[in-house]
Structure formats: structure tokens, C-alpha cells
Amino acid sequence: MSFDPSTLTYNDAGLIPAIAQDHVTGEILMMAWMNAESLMRTLETGQVTYWSRSRQEFWAKGATSGHVQTLKEMRVDCDRDCLVMQVSQVGAACHTGRRSCFYTSVTAQGEQDVGAAVP
């Protein structure tokens, strides 16, 4: 039995949020968008492929940077409108050079940068 991406709930632009999580540590690495085709490319190849809203093209994570994400497991939430992908991440997940895009801690007192760049 094959997976049917049309069973998911996409936004008006045909996109679904996809959260990348380190499959070993559980650390949330990043969030990006997928459409039905990028989702199927990811499942078929094992290399996580997103849809770039700014460039309006497919974005195979790490294709230019070498910071590849390899899919270990994909899950869909109960409303079928959000994905969590457990991945093996090479290098930085964030375009800033940090391991995770979520490197800013926020409290009532303000914000603090808590993420070091990946060497």
C-alpha cells in the first residue's frame, strides 16, 4: 500500500509545515514548508526536500551547503496538517550556521542567543 499525499490538509498555497527533528537527540532543528511533490520526493529518495516559498522551487536540504538531512521517519499529526520528520542532520540545519534554527530563548525579560555555530 502506498502513501497518498492528497489525504493531508494543505494551506491555501498547497503547503504543509514540516518540522525537522534530530532522530537521536530529539532536538528540533528547523521548520520549513512542503508540498505534495516535495513530500513524495522525500519519501522516495530519503533526502529531505522542501518547497522554497521565496525561490518558488524545490529545495533539497544540503544540495549546496552539504548540510544534508536524511529522513529516518516521517509522522503526521492528528489533524493531518503538520509533519514531523525525524532526520539525520549533517552539520548545521540553520542558514546562520547553527545546529538549530531555534537558537533564541525568549522570556518576559527579553531574548537571548543560546546557539553556537557549528564548527
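Bear in mind that the values in this text are calculations on the coordinates, not laboratory data. This is a predicted model, so every value here is computed, not measured. Note: ideal-geometry Cβ built from the backbone for every residue, glycine included; neighbour counts use all protein chains shown.
So the values come out like this:
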read-out: Computed [θ] at 222 nm, helices only, for the chain once each DSSP H run of length n ≥ 4 contributes -39500 (n - 2.57); value: -2500 deg cm²/dmol
read-out: Rounded tilt (10° steps) of 36-45 against the dominant C-alpha axis of the chain; value: 80
read-out: For the chain, cysteines whose Cβ has no other cysteine Cβ within reach (under 4.7 Å); value: 78, 82
read-out: For the chain: relative contact order, % (alpha-carbon pairs under 8 angstrom, 6 or more apart); value: 22
read-out: Amide hydrogen neighbours beyond the local backbone of residue 60, cut-off 5 Å, H modeled; value: 50
read-out: Residues with amide H under 5 Å from that of residue 29, placed H, sequence gap 5 or more; value: 20, 21, 22
